[in-house]
């Protein structure tokens with residue numbers, strides 16, 4: 001993290017903390033002890049991919065009664 005980096009929380013839950021830094025123009029995605037920094041564009045594409053993956057996983061889970069989706 002750059003010394004001038006001052007991320008501001010965009011969203012926070014029990015599993016994730018999403019921050020945006022106006023100084024470095026990066027998204028800071030923290031999940032437990034893991035922090036991933038990515039550009040705003042990369043974060044947007046990542047979010048779309050996660051959404052698509054959840055959709056596919058949900059469809060796959062419905063066809064297999066032993067798998068349950070926790071939401």
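FYI, it's all coordinate maths here, none of it is from the lab. Values in this document were obtained by computation on a predicted structure and should not be read as measured data. Every residue, glycine as well, gets a Cβ built from its backbone with ideal geometry; the counts of neighbours run over all protein chains shown.
Applying 1/(1 + (r/R0)^6) with R0 = 25 Å to the Cβ-Cβ distance of residue 6 and residue 57, what FRET efficiency is obtained, to the nearest 0.05? Write out the running numbers ahead of the final one.
Numbers: r = 36 Å, r/R0 = 1.43.
Result of the calculation: an efficiency of 0.10.
Between residue 47 and residue 24, with labels modelled 7 Å along Cα→Cβ, what's the label distance in nm to one decimal, could you check?
Between residue 47 and residue 24, the label points sit 2.0 nm apart.
If you rank 41, 28 by fewest surrounding Cβ atoms within 10 Å, what's the result? Don't jump to the answer; show the numbers that get you there.
Numbers: 41 10, 28 21.
Ascending Cβ contact count within 10 Å gives the list 41, 28.
Can you sort 34, 27, 18, 50 so the residue with the fewest Cβ neighbours within 10 Å comes first? Don't jump to the answer; show the numbers that get you there.
Values: 34 7, 27 22, 18 17, 50 10.
So the residues, fewest neighbours to most, are 34, 50, 18, 27.
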